[in-house]
Amino acid sequence: PRVCVVGSGPAGFYTAQHILKHHGGARVDIYEKLPVPFGLVRFGVAPDHPEVKNVINAFTQTARLERCSYYGNVTVGRDVTVAELRQAYHAVVLSYGAEDNRVLGIPGENLSGVYSARAFVGWYNGLPENRDLKPDLSCETALILGHGNVALDIARILLSPLHLLKKTDITDGSLAALTCSKVKRVWLVGRRGPLQVAFTIKELREMINLPGARPVLNPADFTGLENAIKDAPRPRKRLTELMIKTALEKPGEKTMEVQAAVSQAAAPREWGLKFQRSPQEVLPTTDGRRARGVRMALTRLEGSGDAAKAVPTGDVEELECGLVLSSIGYRSLPLDPAVPFDTQRGIIPNSSGRVEGVPGLYCSGWVKRGPTGVIITTMNDSFDTAQSVLEDLQVGVLDMSASREGFGAVESILRSRGVRPVSFSDWEKIDAAEVARGKAAGKPREKIVDPQEMLQLIG
């Protein structure tokens, strides 16, 4: 059987890995829009979390298998259609992730100084489409809308001591911009309360222990929560206890003035969590061009736990800031008119990865279940889809009597359209160049951010 996987992030690679491991004859071709593989492992994981990127080693082993091929620099839906792929392969798996961000939908969202978390993360991680972002970091206060791990990643990058960032694979340009940054205070704002935050304890602990930055949590936000979490699941309980402990920590018994002077000297930067505030409008400067703050609707919670809804109370509050980052989630987009798509939920309608009404078409990862979860979640999800493909091969749902040409057929289509795919050994040349450039600067790698430069490098 010839199987095609669209997208080379964790979902694509784990799907390919599982099929190759459990079917001795299957051949899998992986297509990727960018010249370089690995999706959000390369472009989403924070530069100071190198251990999370270790999965790249396993993906590289898969890509080097004789029965696996990688074709970068190919945009499915433009360079080759899904219908053409279905002609060339017995099964096609769409694993192209969530390449857009959810919008706030409020006035002032397009003012200068307002950025999506997705674009900001793409900028410091070297995603080609965000390389010219040039975020303005000349203000003292930044506001991040959202209480997820991505929000904490951004806060950490904005406040991290430069000597820590210099040892990571953060891009050259963003490191230079952060070196001149005036940001010294970051507020993370959410519509709901402490019991509904979406970040995990590891990320929170890392933020609390960040050198040179002190947490500012309002004890009033946490009153009575000890009782509320008695029966909560253990991860939620531990996370909430850590927030309570941080909020209530009493400084030593020195006089307040001495204490303030000492802590300010020790921690010139600060960050804090604000709850039950929903953005209503980004407020413009007098010339109407830039953000100067955000007007928030104060909310109260209806219901409890994860199902709690934030309802405006009618009261509002203004928060001053010159930088607004909206971290309210990623969004998948339809790839090709031939593929069913649920625009409400932002996913391809499917059951266990089988695309509804289109036999032989499958999906895995964020485009299958929505943009949530960490790499391990995506791994299990992709194995589930791969299992569906294997079952369909076994029971004869997929017509194996017709021989399919796989890349042979696609190659002539691409050539006729002037598209030159990038192979995995081409990527390894780019990889080697990045690692060499990084070594010179004492970094694990220096990412090349311009696709043209990548293509020139491989000749």
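The values are calculated or read from the model by the stated rules, or taken from the named source; none is laboratory data. Keep in mind the model is a prediction, meaning the values are calculated, not measured. Backbone-built Cβ (ideal geometry, glycine too); neighbour counts: all protein chains shown. Each accessible area value is taken on the protein alone, full model and side chains, heavy atoms only, with ligands, DNA and RNA left out. Shrake-Rupley method; radii C 1.70, N 1.55, O 1.52, S 1.80 Å.
Residues checked against (1) over 24 Å from residue 25 (Cβ atoms); (2) of a type in the set (S, T, N, Q):
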site	(1), (2)
378	yes, yes
381	yes, no
389	no, no
396	no, no
401	no, yes
417	yes, no
428	yes, no
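Residue-by-condition table, conditions (1) more than 22 Å from residue 75 (Cβ to Cβ); (2) out of contact with any helix residue (DSSP H, G or I) (no Cβ under 7 Å at 6 or more places or on another chain):
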| position | (1), (2) |
| --- | --- |
| 349 | yes, yes |
| 356 | yes, yes |
| 376 | yes, yes |
| 389 | yes, no |
| 416 | no, yes |
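Annotation: of all residues in the range 435-458 being closer than 13 Å to residue 168 by Cβ and not basic (Lys, Arg), the one that is modelled with the lowest pLDDT is 441. If you go through the range 136-153 one residue at a time, how many are crowded, with 23+ Cβ neighbours inside 10 Å and in contact with a strand residue (DSSP E or B) (Cβ under 8 Å, 6 or more places away or on another chain)? Qualifying residue count, the range 136-153: 8. Looking only at residues of the range 318-332 that are closer than 30 Å to residue 287 by Cα and open to solvent by less than 50 Å² (accessible area, probe 1.4 Å), we find that the one that is farthest from the chain's Cα centre (by Cα) is 319.
Okay, residues lined up against (1) of a type outside the set (S, T, N, Q); (2) open to solvent by 10 Å² or more (accessible area, probe 1.4 Å); (3) free of Cβ contacts under 8 Å to residues at least 60 places away in the same chain; (4) assigned to a strand (DSSP E or B):
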| site | (1), (2), (3), (4) |
| --- | --- |
| 8 | no, no, no, no |
| 14 | yes, yes, no, no |
| 28 | yes, no, yes, yes |
| 33 | yes, yes, no, no |
| 47 | yes, no, no, no |
| 52 | yes, yes, no, no |
| 58 | yes, yes, yes, no |
| 74 | yes, no, no, no |
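Is it true that residue 382 is out of contact with any helix residue (DSSP H, G or I) (no Cβ under 9 Å at 6 or more places or on another chain) and either assigned by the TED database to the domain that holds residue 58 or within 15 Å of residue 85 (Cα to Cα) (or both)? No: the conditions fail for residue 382. Please indicate, with yes or no, whether at least one residue in the range 395-407 is under 12 Å from residue 95 (Cα atoms) and of a type in the set (A, V, I, L, M). Checked against the condition, which is being under 12 Å from residue 95 (Cα atoms) and of a type in the set (A, V, I, L, M), the range 395-407 yields no hits at all.
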